[in-house]
Amino acid sequence: MTEYNFPKDFWWGSAASGPQTEGHVAGDGKGDSIWDVWFKEAPDKFFDGVGPDKTSQFMKYFKEDIQLMKQTGHNTFRTSIQWSRLIPDGTGAVNAQAVEFYNQVIDELLATGIEPFMNLYHFDMPAKLQEEGGWLNRETVDAYVKFAETCFDLFGDRVKKWFTHNEPIVPVEAGYLYQFHYPLHVSFKEAVQVGFHENLASAMAIEKYHATYDGQIGIILNLTPSYPRDENNPADVSASEYADAFFNRSFLDPAVLGHFPEKLIEVVQDLNIVPEMLPGDLQIIAENHVDLLGVNYYQPRRVKAKVSKKVAGSPVMPDDYFDNYEMPGRKMNPYRGWEIYEKGIYDILKNLKENYGNIECYISENGMGVEGEEKFRGENGEIQDDYRIEFVKEHLKYVHQAIGEGSNCRGYHMWTCMDNWSWTNAYKNRYGFISVELDHDGRRTIKKSGHWFKTVADSAGFTD
Ligand code: BG6
């Protein structure tokens with residue numbers, strides 16, 4: 001048996017987001033986001049036709065939910081402020097009901113001994129701004145900075161950990177390359193512009209925050225380590241470096257180091273898709289770095305040199321620089337179709353230590369989505385999710401090892417607290433420590449993993 005002891009002040013908790021949990025309440029003054037619009041246009045795109053209107057009803061149940069967080073060992077919890085709830089049209093008046101709601105949530109968390117971590121953008125562009133081009137439009141950057149300042153002014157006296165974006169590469173790849181988020185475009189040029197504006201918006205919000213406030217501000221990135229098929233094959237290694245530049249370093253480098261990676265610059269120059277920018281933009285990015293980095297880790301990316309032929313007339317894509325590689329014998333989460341590779345979390349932390357100044361960081365999402373979890377509900381009504389306990393434990397062992405070797409990792413957040421609505425997957429795959437039964441008006445029950453996590457958090461570790 002080995003003891004895995006974590007620092008006494010380690011952050012134990014989970015992550016969620018406003019659009020995936022809150023739901024709508026009649027007369028709440030919320031404006032539409034791209035998700036509301038898309039759901040109205042094409043409900044069939046969403047698993048079982050479940051949209052963003054109801055979700056887990058956190059607006060209705062937040063007091064009870066925060067008690068459940070306590071019962072599952074949380075000392076910290078991350079969610080997001082929905083831009084379209086706080087400022088319904090994205091740029092105009094503040095919605096007083098939203099202010100009251102977020103104030104209540106923050107106060108309730110603090111009163112329960114749970115520190116709120118607050119994110120500002122989690123894929124939820126206000127519909128009015130999307131009509132004007134969303135992240136393609138420079139004016140969205142200014143609107144975002146105003147939104148960020150409004151949040152700092154309203155809630156910054158109590159919220160001391162802020163994040164500018166969750167997984168900003170996702171709006172780039174999902175919205176402008178691979179068509180799994182609105183507006184479903186396919187354009188490498190647009191993707192590059194969107195990514196640039198998100199980076200700039202983040203740096204500008206950080207600049208404002210540092211000028212006036214005394215907490216920490218960071219960004220949450222889904223770092224997906226790129227492993228070459230064969231480390232001794234230079235073509236495979238080069239392909240994996242391209243994938244790393246596109247999907248990890250495009251945000252990690254500017255956020256922590258203040259500049260874009262060479263490989264990315266090379267590609268956008270070669271393809272003549274350098275984003276439009278104003279004089280001084282690169283300076284803003286160079287001078288305003290994050291204080292804290294959130295690391296979302298679910299799966300590795302395995303890559304080999306490009307061999308597949310490009311279909312004539314198909315658009316230029318990042319994938320022109322690498323092929324994905326299916327490693328024989330890889331361990332899979334069969335429900336989500338994602339590889340489970342626990343050591344990836346250690347490799348990320350090591351990379352941050354060696355190449356990113358050992359920036360203060362924490363695991364801001366890690367988790368296992370399982371379809372049809374009801375079949376694991378035992379006679380006592382509790383979901384027996386031993387697979388999730390195993391998943392978390394095996395990842396925590398590697399986090400423990402990295403900390404032992406000097407990583408500045410300060411905490412671990414599961415995705416997610418209670419089962420929530422996951423974009424077009426809706427409630428297909430369940431991730432929570434707490435189950436939500438949609439047929440029973442969102443009835444909550446703590447799963448076996450939630451009880452287990454409390455024992456881990458209470459003793460700051462586990463034995464295995
Ligand atoms: C994370 C996102 O990448 O993955 C979450 O930050 C999302 O918003 C989670 O819900 C799970 O996604 P999926 O696609 O498995 O439902």
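The values are calculated or read from the model by the stated rules, or taken from the named source; none is laboratory data. Only a predicted model underlies this, so the values are computations on that prediction, with no experimental measurement involved. For neighbour counting, all protein chains shown are included, and Cβ atoms are generated from backbone atoms with ideal geometry for every residue, glycine included. Areas reflect the complete protein model, heavy atoms only, side chains present, ligands, DNA and RNA absent. Shrake-Rupley method; radii C 1.70, N 1.55, O 1.52, S 1.80 Å.
Going through region 184-225 one residue at a time, which ones are of a type in the set (Ser, Thr, Tyr) and surrounded by 22 or more Cβ atoms within 10 Å (Cβ to Cβ)?
202, 209
If you check 381, 367, 404, which single one turns out to be surrounded by fewer than 18 Cβ atoms within 10 Å (Cβ to Cβ), within 30 Å of residue 439 (Cβ to Cβ) and at pLDDT 95 or above?
381
In region 384-401, what residues are of a type in the set (D, E, K, R), free of Cβ contacts under 8 Å to residues at least 60 places away in the same chain and open to solvent by 60 Å² or more (accessible area, probe 1.4 Å)?
Scanning region 384-401 gives a single hit, 390.
Applying the selection to region 48-101, what residues are over 17 Å from residue 148 (Cα atoms), open to solvent by 70 Å² or more (accessible area, probe 1.4 Å) and of a type outside the set (D, E, K, R)?
67, 71, 97
I'm trying to understand the selection: among the residues of region 349-373, which are away from the ligand (no atom under 14 Å from the Cβ) and touching a residue at least 40 places away in the same chain (Cβ under 8 Å)?
Within region 349-373, 349, 350, 351, 352, 353, 356, 357, 358, 359, 360, 361, 362 meet the criteria.
If we scan region 278-301, do we find a residue that is among the aromatic types (Phe, Trp, Tyr) and away from the ligand (no atom under 16 Å from the Cβ)?
No, region 278-301 has no match at all.
Filter region 119-176 for residues that are part of a loop (DSSP other than H, G, I, E, B) and either within 16 Å of the ligand (Cβ to nearest atom) or under 14 Å from residue 202 (Cβ atoms) (or both) and give the result.
120, 121, 122, 123, 124, 125, 167, 168
From the residues in region 419-464 that are aliphatic (A, V, I, L, M) and open to solvent by less than 20 Å² (accessible area, probe 1.4 Å), which one is nearest to the ligand (Cβ to nearest atom)?
For region 419-464, the residue satisfying everything is 426.
Please pick out the residue among 188, 152 that is modelled with pLDDT of 95 or more, over 24 Å from residue 274 (Cβ atoms) and of a type in the set (Phe, Trp, Tyr).
152
Taking the condition open to solvent by 40 Å² or more (accessible area, probe 1.4 Å), within 16 Å of the ligand (Cβ to nearest atom), within 24 Å of the chain's Cα centre (by Cα) and of a type in the set (Phe, Trp, Tyr), does residue 412 pass?
Considered against the rule, which asks whether it is open to solvent by 40 Å² or more (accessible area, probe 1.4 Å), within 16 Å of the ligand (Cβ to nearest atom), within 24 Å of the chain's Cα centre (by Cα) and of a type in the set (Phe, Trp, Tyr), residue 412 comes out as no.
It is to be established whether one or more residues within region 394-405 are away from the ligand (no atom under 16 Å from the Cβ) and within 20 Å of the chain's Cα centre (by Cα).
Yes, there is a match, as at least one residue in region 394-405 is away from the ligand (no atom under 16 Å from the Cβ) and within 20 Å of the chain's Cα centre (by Cα).
Let me confirm something: among 13, 18, 31, which residue is within 14 Å of the ligand (Cβ to nearest atom) and buried (at least 20 other Cβ atoms within 10 Å of the Cβ)?
Only one candidate qualifies: 18.
Among the residues of region 177-186, how many are within 14 Å of residue 133 (Cα to Cα) and more than 16 Å from the ligand (Cβ to nearest atom)?
Total satisfying the criteria: 3.
Return the residues of region 439-455 that are closer than 23 Å to residue 55 by Cα and part of a helix (DSSP H, G or I); say none if nothing qualifies.
439, 440, 448, 449, 450
Does residue 458 satisfy the criteria of being part of a helix (DSSP H, G or I), of a type in the set (D, E, K, R) and closer than 22 Å to residue 404 by Cβ?
Here the answer is yes, as residue 458 does meet what is asked.
Considering only region 228-255, state which residues are among the hydroxyl-bearing types (Ser, Thr, Tyr) and open to solvent by 50 Å² or more (accessible area, probe 1.4 Å).
none
Are there any pairs, at least 6 apart or on different chains, whose C-beta atoms fall under 9 Å, with the first in region 241-253 and closer than 18 Å to residue 292 by Cβ and the second at pLDDT below 95 and surrounded by fewer than 24 Cβ atoms within 10 Å (Cβ to Cβ), and if so, which?
none
Does any residue of region 380-398 turn out to be over 26 Å from residue 52 (Cα atoms) and in contact with a Pro (Cβ under 9 Å, 6 or more places away or on another chain)?
No, that holds for no residue.
If I filter region 321-340 down to residues being away from the ligand (no atom under 16 Å from the Cβ) and open to solvent by less than 70 Å² (accessible area, probe 1.4 Å), which single residue comes out as farthest from residue 417 (Cα to Cα)?
That would be 321.
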